[in-house]
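To start, the structure under review is shown below, and the notes come after it.
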Amino acid sequence: MRSTEKYHGSPNDRGSADAWYGRDPIPHYYEGATGMSPRIDIEDMTAKEIAEYQDGYDAQVASGECKLY
């Protein structure tokens, strides 16, 4: 399932999560549930999927909200 919908594990979701946790942006996503389905890394992503990841990352950074440790 390669979908551009927003779901837990989607490119947008993973970008947002990486920014939330203060991780560097390394585009990836999961075909289904995060950690419970195959991980798709940047070399296997389409330009659209990479852009969706970056959109999620950028939106989270712009929100100013992040995980406080």
Scan the range 13-33 residue by residue and report those that are open to solvent by 60 Å² or more (accessible area, probe 1.4 Å) and of a type in the set (D, E). D24
Within the bounds of the range 14-37, is there any residue that is assigned to a strand (DSSP E or B) and of a type in the set (S, T, Y)? yes
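Counting only residues that are of a type in the set (G, A, S) and within 16 Å of H8 (Cα to Cα), which one in the range 34-58 is most open to solvent (accessible area, probe 1.4 Å)?
Among those that are of a type in the set (G, A, S) and within 16 Å of H8 (Cα to Cα), it is G35.
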With respect to the numbered conditions (1) at negative phi; (2) within 11 Å of the chain's Cα centre (by Cα); (3) open to solvent by less than 60 Å² (accessible area, probe 1.4 Å); (4) not aromatic (F, W, Y), which one is the sole condition not fulfilled by G9? (1)
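The values are calculated or read from the model by the stated rules, or taken from the named source; none is laboratory data. On a predicted model such as this, the values are computed, not experimentally measured, just so you know. Just the protein is used for accessible areas: all its heavy atoms, side chains included, with ligands, DNA and RNA removed. Shrake-Rupley method; radii C 1.70, N 1.55, O 1.52, S 1.80 Å.
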